[in-house]
1. Please sort by residue number the GluC sites (Glu not before Pro) in the stretch 72-115 whose DSSP state is loop and whose Cβ has at most 13 other Cβ atoms within 10 Å.
2. Rank these by accessible area, largest first, 1.4 Å probe: Lys86, Lys64, Lys96, Lys43.
3. Which value, in debye to the nearest 20, describes the size of the charge dipole of the chain about its Cα centre when Lys and Arg Cβ atoms bear +1, Asp and Glu Cβ atoms bear -1, and nothing else is charged?
4. Given the options Asn58, Trp105, Thr77, identify the residue whose Cα lies farthest towards the positive end of the charge dipole of the stretch 44-111 (+1 on Cβ of Lys, Arg; -1 on Cβ of Asp, Glu).
5. Pop out the Kirkwood hydrodynamic radius of the stretch 50-89 from its pairwise C-alpha distances, inverse of mean 1/r, in Å to one decimal.
6. Just to check I understand the Karplus step: with θ = phi - 60° and J = 6.51 cos²θ - 1.76 cosθ + 1.60, what whole-Hz values come out for the stretch 28-34, glycine and proline as x?
7. Using the Kirkwood formula on the Cα atoms of the stretch 29-115, what hydrodynamic radius do you get, in angstrom to one decimal?
8. Can you list the HN-Hα couplings for the stretch 106-115, worked out from phi with the Karplus curve (6.51, -1.76, 1.60; θ = phi - 60°), rounded to whole Hz and with x for Gly and Pro?
Amino acid sequence: QVQLVESGGGLVQAGGSLRLSCAASGSLFRSAVMAWYRQAPGKQRELVALDNSRGLTNYADSVKGRFTISRDNAENTVYLQMNSLKREDTAVYYCKMDYGSLEYWGQGTQVTVSS
């Protein structure tokens with residue numbers, strides 16, 4: 001069973017930066033697709049960034065140029081560097097692992113951006 005543990009959320013002023021981390025247990029990480037999603041109050045969960053483990057990354061249009069996803073396979077950890085944060089980035093951020101037909105979610109970490 002895979003466990004994903006997010007950390008790094010918090011309160012930040014608009015224009016500031018945060019780095020989220022997601023540590024994965026088990027042995028699937030190196031070959032897994034890792035992604036960050038977010039869900040704001042009253043809204044659907046949406047994909048923020050994805051890393052397919054083979055050098056391909058993808059971003060939501062709303063975060064392109066501001067957010068960067070990266071991974072450390074030696075540490076089984078995926079990161080989301082968030083710069084130039086905006087109030088509309090306020091949400092609970094979730095880490096997700098996809099490995100074939102298997103999918104796992106973290107518990108989420110709150111990011112709040114104040115004006």
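1. Working: sites: Glu75, Glu88, Glu103; in loops: Glu75.
Within the stretch 72-115, the qualifying GluC sites (Glu not before Pro) (loop, at most 13 other Cβ atoms within 10 Å) are Glu75.
2. Working: Lys86 85, Lys64 110, Lys96 20, Lys43 135 Å².
I get Lys43, Lys64, Lys86, Lys96, largest accessible area first.
3. Numbers: 12 positive and 10 negative charges, 41 e Å.
Computed charge dipole of the chain: roughly 200 debye.
4. Comparing the listed Cα positions along the dipole, Asn58 ranks first.
5. Answer for the stretch 50-89: a Kirkwood hydrodynamic radius of 11.1 Å.
6. 8, 4, 4, 9, 8, 7, 10
7. Working: mean 1/r = 0.0748 Å⁻¹.
Its Kirkwood hydrodynamic radius stands at 13.4 Å.
8. x, 7, x, 9, 7, 10, 10, 10, 9, 8
The values are calculated or read from the model by the stated rules, or taken from the named source; none is laboratory data. Source: prediction; values computed, not measured. Cβ: placed from backbone, ideal geometry, glycine included. Neighbour counts: every protein chain shown. Just so you know, the surface numbers come from the protein's heavy atoms only, side chains and all, with ligands and any DNA or RNA stripped out. Shrake-Rupley method; radii C 1.70, N 1.55, O 1.52, S 1.80 Å.
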